[in-house]
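*Asks:* Before I ask anything, here is the structure I am working with.
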Amino acid sequence: MADPSSYRPKPGQIPDSPGVYKFRDEHRRVIYVGKAKSLRQRLASYFQDLSGLHPRTRTMVTTAASVEWTVVSTEVEALQLEYSWIKEFDPRFNVKYRDDKSYPYLAVTMNEEFPRVQVMRGQKKKGVRYFGPYGHAWAIRDTVDLLLRVFPVRTCSAGVFKNAARTGRPCLLGYIGKCSAPCVERVSPEEHRELAEEFCDFMAGRTGTYIRRLEARMTEAAEEMEYERAARLRDDIEALKKAMEKSAVVLADATDADLIALAEDELEAAVQIFHVRGGRVRGQRGWVTDKVEAVTTGDLVEHALQQLYGEETGDSVPKEVLVPALPELVEPVQEWLAERRGSNVSLRIPQRGDKKALMETVQRNALQALGLHKTKRASDLTTRSRALEEIAEALDLDSAPLRIECYDISHLQGDDVVASMVVFEDGLARKSEYRRFQIKGFEGQDDVRSMHEVITRRFRRYLAEKEKTGEWADGETGLTEEDGRPKRFAYPPQLVVVDGGQPQVAAAKRALDELGIDDIAVCGLAKRLEEVWVPGEDDPVVLPRTSEGLYLLQRVRDEAHRFAITYQRAKRARRFRASPLDDVPGLGETRKQALIKHFGSVKKLRSATIDQICEVPGIGRKTAEAITVALAQAAPAAPAVNTATGEIMEDEEYATDATDATDATDATDAESETTAGSAGEPVSAGSSDERRGQER
């Protein structure tokens, strides 16, 4: 625990101007980011008597080891820089919103030749029109199913579309009139795009004009005694009205607004947002946050606005944002929103009428969300703290292990042996710190030896970074890059957990001892009876089945297993897709595809002469000779078999797959340790292979 007076800036050193400041810990990691209208006044408030500080603020300033700041010219720049740094450094003491799900949007891919209507989650893409977010994906599908009768826009995937175009037969939706079947040229690209634009106009709220147009066409058809066409138009109008009824009108003046409400207690706050477009509630979403810093309701509103609109531009930012309390500095926030929208944005508290009534509804949803969240023990801050304390007590540690690293080995009967390292900080997964390893010290299956190699490599890198930064020489720490982000493997854990029993624990401890590291605790969690093993003990530590500490260790172990087996499967899949052309020096993906396209398959390419290969654009004689040698040395691949029918597939049918090695991890597979990043999203670790005991 540091004394704040040891790093307090000297009097007069801090400027009296707007800016953004960062507190760093002893390892130079950014632990808190804040902004201020006056840096001098704000930072001075942190260096007063500790007894006068809020408990969370007191914890932050005693954890920190230094403070630095950046001066900006306006408060709007301070708001923008604060948001950027929070996103970049993910400081542990800043408010963090945990979105309870990835909300689905109704998306129309206007950037394609034939726009497609589909459900999308995650990051928004350029050229795609989004509507929502919706609470459930089924709500989008119900709406789309009704609208396809009137706007028969394509909804199929690229593979289904290409297959229909190749066979000349549309899918079922094309036969029942819910798709205009552009795949078989029933409509031109221009006509299909016009349908997609009408669909977008309807979803954007311009419904009255279109329905009146259909009613006029229905009347006209009836007068001309085209009763079948009139009946179809009548059914179309009913379908549109039914779709509109799914979103009740809540604001009579066709308002576009977002309503934000909060429910909070001493430790946490729940945020609920209703998205109103054209006077109708088009979507709803919610977040929950731990109040790790002393914040007011206005501060929480400001953080929510940053989270909600930090990546948005244009019409995604509405004209009006209604909130329960205004931020301390309203004008900079309002100006920042206006910059993102490109026009004025009204940020205010509703006082009366329909908007105030709707805000009360949003507030009730926030209260219910907070109550529901409190029942989820994995997300409960108090429960996480108790779990860490139970682990510290069971393993006889001096303090709670705020950073836990867990390691697991995965392979398939001794092939493609890999390892994973996952990191939990304050009881929560920190995916940006995940790492993965290829076992390269030996071949075959030996989990104990593999664990020793992985632990040795990981902590040898840690010691190398520690020595390179001069931490041993002068006591200064420098475990981060110049921009404040931690270097790979540079930040040590308080506890190392291995997936396994006594042999794996002994191997991990031996690796640390060989490196001279004696301040990191080690334990293992065996799957069979969920026993916790510690080095040098003949008997395991048995935690109660209801223990929060055991529950946390199980989550850490299971996450390490999931991450390891996902990497192992990806590696195995790439090996199965390998082609003899991969061994030709200088032959890239584009020229490989050109060769396969020209000859049709690897089999035909193998029988081609050098002169015939030279006819392919971009292939010179030297490269053609190298291709011929590589194909001659490689044994022909075994024929593919359709496992459903037992039919032997022709080489032409599957040869092109051999060069389709565009896996997302190709760029990092060359090195032994790779960063997980966002690629490590949860994928089920369970499989029939595991149940058979073949895949570890």
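*Asks:* Name the pairs: first residue in the stretch 5-18 and under 22 Å from Ala78 (Cβ atoms) and aliphatic (A, V, I, L, M), second residue in a helix (DSSP H, G or I) and open to solvent by 100 Å² or more (accessible area, probe 1.4 Å), Cβ to Cβ under 8 Å, at least 6 apart or on different chains?
*Replies:* Correct list of pairs: Ile14/Arg40.
*Asks:* If I filter the stretch 25-35 for residues that are hydroxyl-bearing (Ser, Thr, Tyr), without any contact (Cβ under 8 Å) to a residue 24 or more places away in the chain and outside any loop (DSSP other than H, G, I, E, B), do I get at least one hit? Spell out the reasoning first.
*Replies:* Going through the stretch 25-35, the residues hydroxyl-bearing (Ser, Thr, Tyr) turn out to be 32.
Still in the list and also without any contact (Cβ under 8 Å) to a residue 24 or more places away in the chain: none.
Scanning the stretch 25-35 turns up no residue that is hydroxyl-bearing (Ser, Thr, Tyr), without any contact (Cβ under 8 Å) to a residue 24 or more places away in the chain and outside any loop (DSSP other than H, G, I, E, B).
*Asks:* Specify which of the listed residues (Val281, Val323) is in contact with a Lys or Arg (Cβ under 9 Å, 6 or more places away or on another chain) and either of a type outside the set (Asp, Glu) or closer than 16 Å to Asp354 by Cβ (or both).
*Replies:* Val323
*Asks:* Is it the case, given these coordinates, that Arg40 is part of a helix (DSSP H, G or I), over 30 Å from Arg193 (Cα atoms) and over 30 Å from the mean Cα position of the chain (by Cα)?
*Replies:* The answer is yes for Arg40.
*Asks:* Of everything in the stretch 598-622, what is loosely packed, with under 15 Cβ neighbours inside 10 Å and touching a residue at least 40 places away in the same chain (Cβ under 8 Å)? Give them in sequence order.
*Replies:* The answer is Gly600, and nothing else.
*Asks:* Turning to a different aspect of this structure: Could you grab me the full set of residues in the stretch 307-316 that are farther than 21 Å from Gln363 by Cα and open to solvent by less than 60 Å² (accessible area, probe 1.4 Å)?
*Replies:* Within the stretch 307-316, Gly310, Glu312, Gly314, Ser316 meet the criteria.
*Asks:* What number of residues within the stretch 43-53 satisfy the criterion of being surrounded by fewer than 17 Cβ atoms within 10 Å (Cβ to Cβ), free of Cβ contacts under 8 Å to residues at least 40 places away in the same chain and part of a helix (DSSP H, G or I)?
*Replies:* Applying the first criterion (surrounded by fewer than 17 Cβ atoms within 10 Å (Cβ to Cβ)) to the stretch 43-53 yields 44-45, 47-52.
Restricting the remaining residues to those that are free of Cβ contacts under 8 Å to residues at least 40 places away in the same chain gives 44-45, 48-49, 51-52.
From the residues that got through so far, the ones that are part of a helix (DSSP H, G or I) too are 44, 51-52.
Selection size over the stretch 43-53: 3.
*Asks:* If you don't mind, another one. With the structure loaded, tell me whether Ser17 is in contact with a Leu (Cβ under 7 Å, 6 or more places away or on another chain) and not in a strand (DSSP E or B) or whether it fails that test.
*Replies:* So Ser17 passes the test.
*Asks:* Still on this model: Looking at (1) under 22 Å from Phe459 (Cβ atoms); (2) open to solvent by 80 Å² or more (accessible area, probe 1.4 Å); (3) in contact with a strand residue (DSSP E or B) (Cβ under 8 Å, 6 or more places away or on another chain), find the lone condition where Lys527 falls short.
*Replies:* Status for Lys527: all satisfied but (1).
*Asks:* Conditions: (1) without any contact (Cβ under 8 Å) to a residue 60 or more places away in the chain; (2) surrounded by 14 or more Cβ atoms within 10 Å (Cβ to Cβ); (3) of a type outside the set (Ser, Thr, Tyr). Val117 meets all but one. Number of the miss?
*Replies:* If we test Val117 against (1) without any contact (Cβ under 8 Å) to a residue 60 or more places away in the chain; (2) surrounded by 14 or more Cβ atoms within 10 Å (Cβ to Cβ); (3) of a type outside the set (Ser, Thr, Tyr), just (1) comes out false.
*Asks:* Considering only residues that are acidic (Asp, Glu) and assigned to a helix (DSSP H, G or I), look in the stretch 610-627 and name the one that is nearest to Arg591 (Cα to Cα).
*Replies:* The selected residue is Glu625.
*Asks:* Further question: Looking for whichever is of a type outside the set (Ser, Thr, Tyr) and more than 30 Å from the chain's Cα centre (by Cα) here; the options are Arg364, Arg348. Which one fits?
*Replies:* Working: Arg364 fails: more than 30 Å from the chain's Cα centre (by Cα).
None of the other options fit; the residue is Arg348.
*Asks:* Can we say Phe151 is buried (at least 20 other Cβ atoms within 10 Å of the Cβ), within 33 Å of the chain's Cα centre (by Cα), assigned to a helix (DSSP H, G or I) and among the aromatic types (Phe, Trp, Tyr)?
*Replies:* No, not satisfied.
Rundown of residues vs (1) among the small types (Gly, Ala, Ser); (2) modelled with pLDDT of 85 or more; (3) under 24 Å from Thr546 (Cα atoms), yes/no style:
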{"residue": "Pro350", "(1), (2), (3)": "no, yes, no"}
{"residue": "Met359", "(1), (2), (3)": "no, yes, no"}
{"residue": "Ser385", "(1), (2), (3)": "yes, no, yes"}
{"residue": "Glu389", "(1), (2), (3)": "no, yes, yes"}
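*Asks:* Do we find a residue being of a type in the set (S, T, N, Q), at pLDDT 85 or above and surrounded by 16 or more Cβ atoms within 10 Å (Cβ to Cβ) anywhere in the stretch 317-339?
*Replies:* Yes, the stretch 317-339 has at least one match.
*Asks:* Hey, among the residues in the stretch 70-81 that are of a type in the set (Ser, Thr, Tyr) and either modelled with pLDDT of 85 or more or more than 22 Å from Val301 (Cα to Cα) (or both), which one's least open to solvent (accessible area, probe 1.4 Å)?
*Replies:* Selected residue: Thr70.
*Asks:* Can I ask one more? Tell me which of these Ala164 doesn't satisfy, since it passes every other one: (1) open to solvent by 50 Å² or more (accessible area, probe 1.4 Å); (2) without any contact (Cβ under 8 Å) to a residue 24 or more places away in the chain.
*Replies:* (1)
*Asks:* Would you mind telling me which numbered condition in (1) at pLDDT 90 or above; (2) open to solvent by less than 60 Å² (accessible area, probe 1.4 Å) Trp533 fails?
*Replies:* (1)
*Asks:* A follow-up question, please. Please enumerate the residues belonging to the stretch 128-157 that are of a type outside the set (D, E, K, R) and at pLDDT 85 or above.
*Replies:* Val128, Pro152, Val153, Thr155, Cys156, Ser157
*Asks:* Shifting gears a bit: Report yes if Ala464 is more than 30 Å from the chain's Cα centre (by Cα), open to solvent by 40 Å² or more (accessible area, probe 1.4 Å) and at pLDDT 80 or above, otherwise no.
*Replies:* yes
Yes/no matrix, rows are residues, columns are (1) of a type in the set (Lys, Arg); (2) open to solvent by 40 Å² or more (accessible area, probe 1.4 Å):
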position	(1), (2)
Gly12	no, yes
Val20	no, no
Val33	no, no
Gln41	no, yes
Pro55	no, yes
Glu68	no, yes
Tyr83	no, no
Lys87	yes, yes
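The values are calculated or read from the model by the stated rules, or taken from the named source; none is laboratory data. Everything numeric here is computed off the predicted structure, so don't read it as measured data. Counting neighbours? That spans all protein chains shown, and the Cβs are built from the backbone with ideal geometry, glycine included. Heavy atoms of the whole protein, side chains included, go into the accessibility calculation; ligands, DNA and RNA do not. Shrake-Rupley method; radii C 1.70, N 1.55, O 1.52, S 1.80 Å.
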